[in-house]
Each structure stands twice: as C-alpha cells, then as structure tokens.
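The values are calculated or read from the model by the stated rules, or taken from the named source; none is laboratory data. Keep in mind the model is a prediction, meaning the values are calculated, not measured. Glycine gets a Cβ as well: all are built from the backbone with ideal geometry, and neighbour counts include every protein chain shown.
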Amino acid sequence: MLTKRLALAGTAVAAALALGLAGCSADASASGGSSTDGGSVDAATATNLDAFGGLEGLQEAAKAEGALNVIALPRDWANYGAVLDAFAEKYPEITINEATPDASSAEEIQAAENLAGQDTAPDVFDVGAAVALASTDQFAPYQVATWDEIPEALKEQSGLWTGDYGGYMAIGYDPDAVPEPTSLDDLLGADYKGKVAINGDPTQAGAAFAAVGLAAVQNGGSVDDFQPGIDFFGELQKAGNFVKIDPTPATIASGETPVVFDWDYLNVGYGKDLEGQRNWKVTILPGTGYAGYYNQAVNVDAPHPAAARLWQEFLYSDDAQNLWLAGGARPVRAEAMAEAGTIDEDLFKALPTVPGETVVPDADQAEAASTLLGEKWASAVQ
C-alpha cells in the first residue's frame, strides 16, 4: 500500500498559482561538528548554506559523513526512485539507506523518536500537514538556496518544513469495467457496485484525506466543513459501492479496485505500470479542484546532519524538481522555473487539465478536518 500522507496546508490562492503552473556509518553526528575548508561547522544547527561557506562546503561535509538515512520513500511514488538514484549518482561518496518505504508520516516520526541517538535514525522526512504541524519539535529549520522561489504559503517561515511536490485529487478508472465518472453522484449508481476505493484511511493517509476533502467541496461543503465529504462516503458505503481495499497496481490489475480516488500523478503512474494489462484512465472532476503538496523536513537529531541538508538542496534544485514533473507531480518551484526557462516544457504541458478553481486547506482547516475525521469517519463507513 502506498501510504503517503496528509498534504501541506497553504492558502488556496498560492496553491492554485503554484499548481496551475503547473546499518549506517557516520563520521559526524548531530552532536558533533563537520570539518570543511571554512573550519569547524556544526551542521546540526546550520540553517542555510552560509553556515558551510556555500554549496561546496556543504558537499564536503556531507561526503565526510558518508551516509544518508531516508524513510517512507516508495520508489514508485512521484518518481522517487529516479530522485534517489540521481542523488546517488551525483554523490557516490554518500550511501543512501532506504528504510520502510511504505511507512506513514506518523511512523516516520515514531522511528525518529525510537532511534534517537542511533546511526540508523532517519535524517530526513517526507511528511504531510497533520504530522508536520504536530511534529515541529522533531524538525530542524533549514532554508534551501532556492528558498525565495517557493511560495510563502507552502513553507514554514523558518524552514521547519517546506512543500516540495504536489498534485490534484483525481479519479482513476478502468473504462472496460465502468463508465467514465463525470460527477460524484455517478459513483453512487449501480455501475459502480463494490468498485470504488480510496488510498488508505483518511485519518492516517494523505491521499484518502484529500479524497474526503474533494467530496466535501464538491458536495456542498468546503475546506472549513468536511462533513459533506464524510456523508458522501457514508452514502457510497450504504449503496455497496465503497470497497475497503487499499489500491495498488496489483488490485487494479485483478479488477478488485476498478475506480480509485488518488492524486493525479499516482493514478497516472498506475496506468504506466499496467500498460498492456489494463486500460486505465484518469479524470479530474469538473467543478472545484482539491490540491495538495507534500513536505520535506530535516530531523533535529539527524545522525548525518550535513547529508540531510545536502539532500534538501538537491530536492529543490532544477534537476530534482523536473524529476517530480517526470513523475506527473507538480514541483513547488514550477512558477519560478517556468519564468527562468529551466522547467521541462514538454512534461509541464503534458500534465492533466486542472479546474479553474482550486482549494487547499490551511493549517487550522486541516487540523479541524483531521479532528472531525477522527470522530466521524469510522462510524460513517462501518
């Protein structure tokens, strides 16, 4: 199961703008300094490249550490495999240790807490809003060199967490099994009996949370009121159309989940994985669109603090931002890259058409929605 998490909170205007452009070893640890040409640097407290005297100094410090611990990064999620491989190719001196790729955001933080002080603790996180907002004590502030090109609404102002890539909630479907859905109401019909799935539990998984959010804003609710979204899935359950199976390419190939609410880039990815096995189409429903980003953060107790910061610099570089684009996701620096001419225009133009109106819950709205889902979801779909 792909269990990527609750999307970054941000204002609807800024998100719409950005999306529309749309066993380890360590020579240095969080408790020690990293030696560079600029002298002894405490990488664990560095908040930007200036602390290292620039990128070259950071690179030297990270290479001296020799390792980077990542967690919860599925290789088939938004082109993460290519991102990891590109970093490894650029910095062969740094061994990437990939732990529990299918973990949730909450499990990332739990791992950091449980492994604190050990060389196997995660250096970095990829988390969603609910966990990011509740876990800031676990993050170290860091502002990448391209900080000014990231929309204000998509980053914590000191750099505790920063939006990186995102997309729109979409519906993937097998046209050989069901007609194309053109509205939420279509999914309540007999053609979709036992066929509609969401990616995980909305109280834990970001894609599922966003599925309820989309249902809310298209069913008389709003980012301030997720109850209509919960009610919709309650109706879907009563109609016998909601199937409680976490979708994967295997469940789609077997016909268990012929209709899937998921991020547009993941649904597009399913189609690529199943080419030659299943037809798989993706649609973003007309009306209000629901968008979201995922967020990067540095572990305050990172065993490889310089490598953690070098990873951040790489993720927000043109190369990595275009790799998100190759995975069908929308890079957070898309606007600035388009203006600079550094975005991959062919990939950018190939993104699915998006609604004219887009919403994203802000921090307070996301927290309120999470609380409501915790109280109401289980009983609505039991």
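Data table
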item: Arg309 being of a type in the set (D, E, K, R), more than 16 Å from Ala177 (Cα to Cα), outside the structural domain of Pro202 (by TED's automatic domain parsing) and touching a strand residue (DSSP E or B) at 6+ places or on another chain (Cβ under 6 Å); result: no
item: Residue count for the range 165-192, restricted to those that are more than 27 Å from the chain's Cα centre (by Cα) and aromatic (Phe, Trp, Tyr); result: 1
item: Output for the range 42-70, where each listed residue is part of a helix (DSSP H, G or I), of a type in the set (Gly, Ala, Ser) and surrounded by 21 or more Cβ atoms within 10 Å (Cβ to Cβ); result: Ala43, Ala44, Ala51, Gly57, Ala61, Ala62
item: Tabulated pairs, the range 111-131, first within 22 Å of Ala43 (Cα to Cα), second acidic (Asp, Glu), C-beta under 6 angstrom, 6+ apart or interchain; result: Ala116/Asp301; Phe125/Glu108
item: Residues of the range 305-326 that turn out to be of a type in the set (A, V, I, L, M, F, W, C) and under 16 Å from Gly166 (Cα atoms), as a count; result: 6
item: Subset of the range 356-381 (residues that are in a helix (DSSP H, G or I) and among the charged types (D, E, K, R)); result: Asp364, Glu367, Glu375, Lys376
item: Elements of type strands (runs of 3 or more DSSP E) contained in the range 249-355, each with 3 or more residues being more than 25 Å from Gln218 (Cα to Cα); result: 289-299
item: Subset of the range 51-77 [out of contact with any Lys or Arg (no Cβ under 8 Å at 6 or more places or on another chain) and more than 17 Å from Ala308 (Cβ to Cβ)]; result: Gly53, Gly54, Glu56, Arg75, Asp76
item: Check on Glu113, part of a helix (DSSP H, G or I) and under 19 Å from His304 (Cβ atoms); result: yes
item: Qualifying residue in the range 67-84 (condition: of a type in the set (A, V, I, L, M, F, W, C), more than 25 Å from Asp273 (Cα to Cα) and in contact with a strand residue (DSSP E or B) (Cβ under 8 Å, 6 or more places away or on another chain)); result: yes
item: Output for the range 347-382, where each listed residue is touching a strand residue (DSSP E or B) at 6+ places or on another chain (Cβ under 7 Å) and at pLDDT 90 or above; result: Glu357, Thr358, Val359, Val381
item: Members of the range 237-248 that are in contact with a strand residue (DSSP E or B) (Cβ under 6 Å, 6 or more places away or on another chain) and outside any loop (DSSP other than H, G, I, E, B); result: Phe242
item: Subset of the range 30-78 that is at pLDDT 95 or above and of a type in the set (Asp, Glu) - its residue that is farthest from Gly167 (Cα to Cα); result: Asp42
item: Any hit, the range 93-110, residues being assigned to a helix (DSSP H, G or I), over 30 Å from Gly374 (Cβ atoms) and more than 20 Å from the chain's Cα centre (by Cα); result: no
item: Failed item in (1) within 23 Å of Leu323 (Cα to Cα); (2) in the same structural domain as Leu372 (by TED's automatic domain parsing), with Gly240 passing the rest; result: (1)
item: Close pairs (6 angstrom Cβ cut-off, 6 or more residues apart or separate chains): under 20 Å from Trp147 (Cβ atoms) and of a type in the set (Val, Ile, Thr) in the range 320-345, modelled with pLDDT of 95 or more and in a loop (DSSP other than H, G, I, E, B) anywhere; result: Val332/Ile150
item: Odd one out for Gln110, checked against (1) touching a strand residue (DSSP E or B) at 6+ places or on another chain (Cβ under 9 Å); (2) at pLDDT 95 or above; result: (1)
item: Residue within the range 188-203 that is within 25 Å of Ala106 (Cα to Cα), assigned by TED's automatic domain parsing to the domain that holds Glu256 and among the charged types (D, E, K, R) present; result: yes
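Here's the yes/no breakdown for (1) surrounded by fewer than 18 Cβ atoms within 10 Å (Cβ to Cβ); (2) touching a helix residue (DSSP H, G or I) at 6+ places or on another chain (Cβ under 6 Å); (3) not assigned by TED's automatic domain parsing to the domain that holds Pro249:
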position	(1), (2), (3)
Ala72	no, yes, yes
Gly81	yes, no, yes
Ile94	no, yes, yes
Ala103	no, no, yes
Ala111	no, no, yes
Ala116	yes, no, yes
